[in-house]
Amino acid sequence: MPDVTLVLASASPARLATLRSAGVEPVVRVSDVDEPGAVAAAEQEHGTLAAEDVTLLLARAKAEDVVASLEESGEDLQVELVLGCDSMLELDGEVHGKPADAAEAVERWRRMRGRSGVLHTGHWLVDLRDTGDGGTGGQLGGTASTTVHFADLSDAEIDDYVATGEPLRVAGAFTLDGLGGPYVAGIEGDPGTVVGVSLPLLRELVGELGLAWHDLRTR
């Protein structure tokens, strides 16, 4: 058993698989955040947000929503850390999450092909440990960014990929670790950022809370 229980505030299979591949078996609790509403409210107060700030804002909203849900439910679950994540693609200064429909996915891929974008993933960590167990009661976060170079796909390749349905389920309308892998010509940075959770960044955040990465690992 790990020394610290991590709750992943995300329904993303890719994030879960990435953590599991690193030896961490999180408890999954999906947040219920109105993402467009949260961004609109923040931009009304602070003005237009940069792409990396949008992902950090939503990662925080997801983590805090799950914390509130756990507290309200009274669920008998020993939770030490809650992790929220959010990913978006920045292309031509515009921020893109999941496409609304197949037509939008096709249009986006026709813009992306043969070009490069930046995939931002925000991470927000909430420390729920008791102070007697070293808990800080704190929250902290960070954003990892990775440049993605897209292959120059034909219209037929785009149509076929979108028809699989995968681009509709993921930020940026592509995956690195799934059916979209052949259409990514290369990346500059941490591949985990593109998949949905940067393990090096998460390790740093965990360390800032006074924990070691192996405290989260299943033994």
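The values are calculated or read from the model by the stated rules, or taken from the named source; none is laboratory data. Note that the coordinates shown come from a computational prediction; the quantities given were computed from them, not determined experimentally. Neighbour counts run over all protein chains shown; Cβ positions are idealised from the backbone, glycine included.
Listing for the model above:
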| item | result |
| --- | --- |
| Failed criterion for LEU205 (all others in (1) crowded, with 22+ Cβ neighbours inside 10 Å; (2) in contact with a strand residue (DSSP E or B) (Cβ under 7 Å, 6 or more places away or on another chain) hold) | (1) |
| Residue match in segment 152-160 (condition: surrounded by 14 or more Cβ atoms within 10 Å (Cβ to Cβ), under 20 Å from CYS85 (Cβ atoms) and at pLDDT 95 or above) | no |
| Residues satisfying the stated conditions in segment 91-124, i.e. of a type in the set (Lys, Arg) and touching a residue at least 24 places away in the same chain (Cβ under 8 Å) | LYS98, ARG108, ARG110, ARG113, ARG115 |
| Test: residue in segment 125-138 that is under 14 Å from the mean Cα position of the chain (by Cα) and under 30 Å from ASP3 (Cα atoms) | yes |
| Filtered residues of segment 180-196 (kept if farther than 23 Å from HIS123 by Cα and either surrounded by 15 or more Cβ atoms within 10 Å (Cβ to Cβ) or touching a Phe, Trp or Tyr at 6+ places or on another chain (Cβ under 6 Å) (or both)) | GLY180, TYR183, VAL184 |
